[in-house]
Amino acid sequence: MRIRVLKGFWTSGFGLTVLGVVFAIFLTTLSLFAYFYIKYSRMIDARLSGHVLQNTTQIFSAPEHISVGQAISPAELITYLQRAGYRLDADPNELGQYTAQRNSVDIRPSKLSYFAGGNALDVQFTGNTIRSIRPLGGGTASDSAEIEPELITNLFDSAREKRRPVRYDDLPPILVHAILSAEDKRFFEHGGFDFVRIVGAAWADLRHTSSHFQGASTITMQVARTFFFSNERTWRRKVAEAMVSLELEQRFSKQQIFELYANEVYLGNRGSFGIRGFSQASVAYFGKDLRELTLGECAYLAGIIRAPNYYSAADRHPERGGQARDRVLGQMLENKYINDVDMQDAKRALLKLSAHRSPAARRLTLSIW
């Protein structure tokens, strides 16, 4: 049996040369991809392994005091412990753990806490009053005890930036919806790239029709840029950012990526300090805990991401605060997170910002429509 090889372009000398060049380009590209994949993988390990925000100066309030006979319910004590950073499940990266039964709450500080793992307590209740306070594991009962102080801020001295770490589970859903609407509405659907968004942003730029000023970078790409790269606009940085985004999506859950973003995103300056993350921004701009934010306040914080230094000056330029809030409210309505009544009520509500013009300046309350 004879096998006949038909002569044609790909069997000619020139055709074989073309195939060789294409194969060489393929191998070179594959080798470069593997090299940078391993490089960026090690970079991610070095930057994001362990406690990401551990190199900070922590500033606490004074320790909270509890005492026998104090009028406080188990639920109220648990709420305070949650606000201070304690969790129901044991986690070495958290400040501590609490366990609750009907008439008792056990408090177990971790090594990261104010008490460095000590001062574990068993607090017994009669109704809504503390009946007794004992050390966990046995010991003499006390009339009073100190429990975890609230973390005021994490201060990065070299960059003069403030943070208050927050977990994804502690982010109010309405704030998550506001951020998604403003920055990346398909975040939980794409794999790091949103091709629909990229094409849409490019088309809007060409036609100058976009009223939302929405860029093409996804939340994952913004995390990659924030943790690993500068804001330099070059094609090399964009390619590197894209590769790191792909690796982040493979190695972390969507909730973990969103948590990194929520803690690290830059949200302007207050006084001489930069504000990083929504938990710190909630205190800096509104003087309240993240979980107490209203719909309008959530929309404002999500709205200032695009131009933080411009919109963070809303205490001196009230119209800017309204612009940021109303833009995001409109996007939330488009994405069906809120209805028209919610949007109109939020627009009519006063947006009260705590003005902070300098470290020594007096805090004021301003009303912005």
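The values are calculated or read from the model by the stated rules, or taken from the named source; none is laboratory data. Model, not experiment: these values are computed from the prediction. Note that we place each Cβ from the backbone using ideal geometry, even for glycine, and neighbour counts take in every protein chain shown. Remember, those area values only see protein heavy atoms, side chains included, never the ligands or the DNA or RNA. Shrake-Rupley method; radii C 1.70, N 1.55, O 1.52, S 1.80 Å.
For a paramagnetic label modelled on PHE229 (point 7 Å from Cα along Cα→Cβ), amide N atoms under 15 Å away belong, within the range 238-271, to 238-249. Rolling a 1.4 Å probe across all protein chains gives LYS254 an accessible area of roughly 30 Å². The loop-placed trypsin sites (Lys or Arg not before Pro) in the range 285-356, going by DSSP, that have at most 13 neighbouring Cβ atoms within 10 Å of their Cβ come out as ARG316, LYS336. Take THR140: with every protein chain present and a 1.4 Å probe, its accessible area is about 110 Å².
Modelled this way, with points 7 Å down the Cα-to-C-beta line, the labels at ASP89 and LEU16 are 6.2 nm from one another. Solvent-accessible surface (1.4 Å probe) assigned to VAL341 amounts to roughly 90 Å². For VAL68 and LYS111, a Förster radius of 25 Å and the Cβ-Cβ distance give a FRET efficiency of 0.35, rounded to the nearest 0.05. For the range 69-87, the residues whose backbone nitrogen is under 17 Å from a point 7 Å from the Cα of ARG291, taken along Cα to Cβ, are 73-87. Measuring against 32 Å, Cα to Cα, the residue pairs LYS185/LYS347; LYS254/LYS336; LYS238/LYS288; LYS238/LYS352; LYS238/LYS347 contain LYS238/LYS288; LYS238/LYS352; LYS238/LYS347 as the ones spanning a longer distance.
Considering only protein heavy atoms, with the full assembly of protein chains and a 1.4 angstrom probe, order PHE228, PHE26, PHE258, PHE195 by accessible area, largest first.
PHE195, PHE26, PHE228, PHE258
The accessible-area ordering, largest first, of the residues LEU246, LEU175 stands as LEU246, LEU175, per a 1.4 angstrom probe.
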